[in-house]
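Everything on this sheet refers to the single structure shown next.
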Amino acid sequence: MKCLQVYSREGCHLCEALISELRPMIEGKLELEVRDIDTLPEWHERWFMDIPVVEYEGSVVCMHFLDHDAITGILRG
């Protein structure tokens, strides 16, 4: 099963909201990997000002807020 990655950090209310919206949309269709940017220096450096970030197959799908149309497009693809 293909996978979406969400770059987030503990205590980020935008991250929690995005993940809560995303989970039911992709359940049973895509896996979800939540990556805490504080676990790797390169993630922290790259994403610190942009979280939450949703990535799919190496491309950024959306930042800050969930792009429902983009996720729907991935699910159709």
Check your understanding: Using only helices, what value at 222 nm comes out for the chain when you add -39,500 (n - 2.57) per DSSP H run of length 4 or more and divide by the total residues, to the nearest 500 deg cm²/dmol?
Key -> -11500 deg cm²/dmol
Review point. Most fluctuating residue of LEU18, LEU66, LEU40 in a GNM of the chain with Cα springs under 10 Å: which is it?
Key: LEU40
Review point. How large is the charge dipole for the chain, taken about the Cα centre, if only the Cβ atoms of Lys, Arg (+1) and Asp, Glu (-1) carry charge, to the nearest 20 debye?
Key: 240 debye
Practice item. Report the GluC sites (Glu not before Pro) located in the chain that are in a DSSP loop and have at most 13 other Cβ atoms inside 10 Å of their Cβ, or state none. Key: GLU10, GLU27, GLU57
Exercise for review: Quantify, in whole percent, the carbon and sulfur part of the accessible surface of the chain (1.4 Å probe; protein heavy atoms only).
Suggested key: 50 percent
Exercise for review: Quick one: pull the percentage of alpha-carbon pairs in the chain with a separation above 15 Å.
Suggested key: 50 percent
Point to revise | Between region 51-76 and region 1-27, the Cα center-to-center distance that results, in Å | key: 10 Å
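The values are calculated or read from the model by the stated rules, or taken from the named source; none is laboratory data. This structure is a prediction, so every number in the text was calculated from the model and none was measured. Note that each Cβ is placed from the backbone with ideal geometry, even for glycine, and that neighbours are counted across all protein chains shown. Just so you know, the surface numbers come from the protein's heavy atoms only, side chains and all, with ligands and any DNA or RNA stripped out. Shrake-Rupley method; radii C 1.70, N 1.55, O 1.52, S 1.80 Å.
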